[in-house]
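Heads up, the thing below is written out as C-alpha cells.
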Amino acid sequence: MFELTDEALQRLGTVFINFYKQKVQQKIYPYAPGYNGGGTTRGMSNKVATGQLLNSLTATVVRTPQGSQLVITYMDYFEAVNLGRRPEKKKVPITALLDWIKIRGIKGRNKRGRFIPNLSLAFAIQTNIYKYGIAPSNIYDKARDSFEDLLENPPTEFREEYESLYEAIGRDVENMMDKVITKEFTSIIEL
C-alpha cells in the first residue's frame, strides 16, 4: 500500500546494519572474562575473527498481514556471542578453538615463557571456558543503544543518509494524510 514506507524502512535497516557492523569491529569488548566475572581479563577486543558473523548481518523488509516489518538476519551462533556461555556446560569443540587460535594469531606460552603447541593451547582454552564460561558481550544492546544516540545526533558521514530517510518518512506521512483526507472528503460528499 505504501511503497515509500518499505523503501524508508529498508534504508533505516541498511543504516542500522552498517552502524552495527562498525560497532562489532570496535575494540570495546572485554577479552576473556568468565561468565560470572571469573577468569582474567586481558584488555579489550572486537567481535570479529573470520568475519562470517559480521558479513551475515542483513536487514530486509518483509510484508506480513500486520504490515511491513524489518527483519534482521545473522548466523546462528550470534546468540552465543551476544549472550555468552555459562560455565560447566557442554565443552567447546577443539576444532573450533584451533580455527579461532589460527585466525586470531594467538601463540600460547608455558610458565617458562616457551611457546606451546596450538593443540595444547586449545585444550587450555577449552578447560578455561568450561570452568568460567564466557561473559555476555551484549553486542546487540550496545549497538541498539548507540544507534538511538546516533539518530539524535548523526555524525557527518551519516547525515546525508539520515536526511534522505527523514524526507522519505515525511513523504510517507504526507501520502497517508492525503489518502485519509481524500477518503474522508469523498465520504462526506456522498452523504
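From least to most packed, judged by other beta carbons within 10 angstrom and beginning with the fewest, SER137, SER120 follow the order SER120, SER137. The H on the amide N of SER45, modeled in the peptide plane, is under 5 Å from the matching H of ILE28, TYR29, TYR31, each at least 5 residues off or on a different chain.
Going by neighbour counts of Cβ atoms within 10 Å, the residues ARG159, ARG114, ARG86 line up, fewest first, as ARG114, ARG159, ARG86.
Ellipsoid semi-axes for segment 77-116, based on the Cα gyration tensor and the rule √(5λ), read 25, 13, 10 Å when sorted largest first.
Any read-out appearing in this document is the output of simple, stated calculations on the displayed coordinates, not a laboratory observation. Since the model is a prediction, treat every value here as computed from it, not as a measurement. Using ideal geometry, Cβ is built from the backbone for each residue, glycine included, and neighbour counts are taken over all protein chains shown.
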